[in-house]
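Got a structure for you, questions after.
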Amino acid sequence: MRQFFCLTMLFAATLCPVSSQDAKDEWKLVWEDNFDSGVLDPTVWSRTTRGTPDWQNTQSDDPRCLALRNGHLVLRGIVNDNPNDTAKFLTGGVWTMDKKALQPGRIEVRARLQKAKGAWPAIWTMGFDHRTDPWPKGGEIDIMERLNGDSIAYQTVHSYWTYYVNGNRGTPVHGGKGRIDPAGWNVYAVDIDPDSLVFRINGTPTFIYHRVDSLVADGQYPFFRTQYLLIDMQLGGAWVGDVDPADLPVEMEIDWVRNWVRKKH
């Protein structure tokens, strides 16, 4: 009971909002991309490639699926009209894999999402050293996933422990959700610390995932390491369900991406 009380108090303290001055004193901005140049920086970003998982099976380098417009990165989902491509739909995505390593600290993205039946936009990270520690050993941090036109976003962690040891059951709970402005701009963030991940939407903490020392040897907390970032539009899949072509094209817009580290005191 005492352990439960202490964890509850720690959870509550962690989820208390901090003032803007506290945030300024605590964090140092180490990298950002505002997409203002009108060109995707090739030293940072690549187009995501086609693959077999649900999130990846419509990814395309079709130029209609990605644009830089008015200082925003725009990723689209469209009906496939290419007879040489067997995918029903085409979607755009970018990642920093093998190019830009984001530092443990705070990763945040300001995004606006259009609604469509079967739309599944996502903002997420995986361990940068993916060749040494392939998924799920390197971990996966889902900063934002939104289904269809929902007014909530899902935030989830995946690791070797959650998949192969715990079976996505029990404690610590590995996912949460928070309310968003479904048609407006929202800021999605995660704080990556040595002992916890704290997820935020529009500055408000929504979910916390703790490191548990007794489970680390089983791959429970591989997250305090450099990450690569993925931002992608996806259509369809087992989780989101069928797509309505009448709702397409659909877009997700990215205003900026920022990476902060905690200041040393």
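The values are calculated or read from the model by the stated rules, or taken from the named source; none is laboratory data. Keep in mind it's a predicted model, so treat the numbers as computed, not measured. Neighbour counts run over all protein chains shown; Cβ positions are idealised from the backbone, glycine included.
Please tell me if Lys100 is under 26 Å from Asp195 (Cα atoms), assigned to a loop (DSSP other than H, G, I, E, B) and not β-branched (Val, Ile, Thr).
Yes; evaluated as a whole, the condition is true for this residue.
Okay, moving on. Residues in segment 26-74 that are under 16 Å from Val250 (Cβ atoms), among the polar types (S, T, N, Q) and touching a Gly at 6+ places or on another chain (Cβ under 6 Å): how many? Reasoning before the result, please.
Pass one, segment 26-74, residues under 16 Å from Val250 (Cβ atoms): 55, 58-60, 62, 64-67, 69, 72-74.
Adding the requirement that they be among the polar types (S, T, N, Q) leaves 58-60.
Subset that is touching a Gly at 6+ places or on another chain (Cβ under 6 Å): 59.
Residues in segment 26-74 being under 16 Å from Val250 (Cβ atoms), among the polar types (S, T, N, Q) and touching a Gly at 6+ places or on another chain (Cβ under 6 Å): 1 in total.
Now for a separate question. Of these, Phe11, Phe35, which one is surrounded by 11 or more Cβ atoms within 10 Å (Cβ to Cβ), among the aromatic types (Phe, Trp, Tyr) and modelled with pLDDT of 95 or more?
Answer to the selection: Phe35.
Being buried (at least 18 other Cβ atoms within 10 Å of the Cβ), under 22 Å from Trp256 (Cα atoms), among the small types (Gly, Ala, Ser) and in contact with a helix residue (DSSP H, G or I) (Cβ under 9 Å, 6 or more places away or on another chain) narrows it down to one of Gly118, Gly92, Gly127, so name that one.
Gly92
Could you tell me whether Asp244 is acidic (Asp, Glu), closer than 15 Å to Thr125 by Cα and touching a residue at least 24 places away in the same chain (Cβ under 8 Å)?
The answer is no for Asp244.
Quick check on Asp181: is it in a loop (DSSP other than H, G, I, E, B) and of a type in the set (Asp, Glu)?
For Asp181, the condition - in a loop (DSSP other than H, G, I, E, B) and of a type in the set (Asp, Glu) - is met.
Exactly one condition in (1) loosely packed, with under 13 Cβ neighbours inside 10 Å; (2) more than 18 Å from the chain's Cα centre (by Cα); (3) in a loop (DSSP other than H, G, I, E, B); (4) on the phi < 0 side of the Ramachandran plot is false for Leu40; which is it?
(1)
Consider segment 132-191. How many of its residues are on the phi > 0 side of the Ramachandran plot and among the hydroxyl-bearing types (Ser, Thr, Tyr)?
Count: 0.
Let me ask you something else. Given the residues Val30, Val79, which is the only one that is more than 30 Å from Lys117 (Cα to Cα) and at pLDDT 95 or above?
Val30
Within segment 170-182, which residues are among the hydrophobic types (A, V, I, L, M, F, W, C) and at pLDDT below 95? Give the steps one after another, and end with the answer.
Going residue by residue through segment 170-182, those that are among the hydrophobic types (A, V, I, L, M, F, W, C) are 173, 180.
Once the filter is applied, which keeps residues that are among the hydrophobic types (A, V, I, L, M, F, W, C) and at pLDDT below 95, segment 170-182 yields only Val173.
Something else now. Residue by residue through segment 141-189, note down the ones that are of a type in the set (S, T, N, Q), in contact (Cβ under 8 Å) with a residue 60 or more places away in the chain and either in contact with a Ser or Thr (Cβ under 6 Å, 6 or more places away or on another chain) or buried (at least 19 other Cβ atoms within 10 Å of the Cβ) (or both).
Our first condition is that a residue be of a type in the set (S, T, N, Q); within segment 141-189, this holds for 148, 151, 155-156, 159, 162, 166, 168, 171, 186.
Going one step further and asking which of them are in contact (Cβ under 8 Å) with a residue 60 or more places away in the chain, we end up with 148, 159, 186.
Across segment 141-189, the qualifying residues are Ser159, Asn186.
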